[in-house]
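Some notes on the structure that comes next.
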Amino acid sequence: MTAAIAAGRRYLPRGYADFARQVLIWFGFLLAYQVARGVADRDPTRAFANGWRVIDIEQRLTGLRELTFQGWTESSHFLALLVSWTYWNSEFTVIGLALLWVYLRRNSAFTRFRNTILLANVLGLIGYVLLPTAPPRFFTTMGFTNTLGQFGGLNHGSGLVQLAANPYAAMPSLHAADALIVGVVLASVVRRWPWKLVWLVWPVWVWFSVMATANHFWLDVLAGIVLATIALAIVYRGRIRTAVAR
């Protein structure tokens, strides 16, 4: 018992009680969020109508660039697996590990980091309720294919994924928003420049992956970027004002 207490004091910046509180906050939020997201809106007619509107807007602006990304991934089995792995793990696995690392090693930055992630996801849930949107993978007549099944056979119809996920939660892309937040925060707190570069590139890779797997349109990604920017601006407004004043 004494050794456990000593280890807690050594490795946990604020002790066991605070660490347990942070774990409860995070997993409690994940549970509540997944349930709320899953029941937010399952109206296929409305979701597909909004999906067709996104397609129409994209075709008028730049065309369906996502199809080009899909073509690249389908030409390489390794790349297809890599983008699938990124899609499945960038949202909760990478975020969870990033939060844990910041908590343990850069604790002074943790609270703002956590709050930014929570705020962005709450705002995203509001977007899902107001604007349910079918993702590209449902529009096979436009040439989109679902590549996620190539990664261990896991797809949106599998077990707990089907239970918790809302298949029409494409707009905005929280994969895009959360990746940007993680990238910006981690790049600002790591000390070695190679890792700073890795985290600055991370959001771009996630954006590519969610489009290459036919899970988000580029407009979804753009909306996610705007969402992340708003969340960062709200949570870090004090630091932004200080930086501007200088």
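The values are calculated or read from the model by the stated rules, or taken from the named source; none is laboratory data. This structure is a prediction, so every number in the text was calculated from the model and none was measured. Because the Cβ atoms are built from the backbone with ideal geometry, glycine has one as well, and the counts that use them run over all protein chains shown. Surface accessibility is based on the protein's heavy atoms, side chains included, excluding ligands, DNA and RNA. Shrake-Rupley method; radii C 1.70, N 1.55, O 1.52, S 1.80 Å.
Values for this structure:
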{"quantity": "Residues that are touching a residue at least 40 places away in the same chain (Cβ under 8 Å), in contact with a Leu (Cβ under 6 Å, 6 or more places away or on another chain) and open to solvent by less than 20 Å² (accessible area, probe 1.4 Å), drawn from the stretch 168-199", "calculated": "172, 177"}
{"quantity": "Residue that is farthest from the chain's Cα centre (by Cα) [pool: residues in the stretch 93-152 that are within 25 Å of residue 83 (Cα to Cα) and loosely packed, with under 14 Cβ neighbours inside 10 Å]", "calculated": "141"}
{"quantity": "Residues located in the stretch 130-180, provided they are at pLDDT 80 or above and on the phi > 0 side of the Ramachandran plot", "calculated": "143"}
{"quantity": "Within the stretch 1-57, tally of residues that are open to solvent by 50 Å² or more (accessible area, probe 1.4 Å), under 24 Å from residue 214 (Cβ atoms) and modelled with pLDDT of 85 or more", "calculated": "7"}
{"quantity": "Selection within the stretch 205-215 - open to solvent by less than 10 Å² (accessible area, probe 1.4 Å) and more than 12 Å from residue 71 (Cα to Cα)", "calculated": "206, 209, 210, 215"}
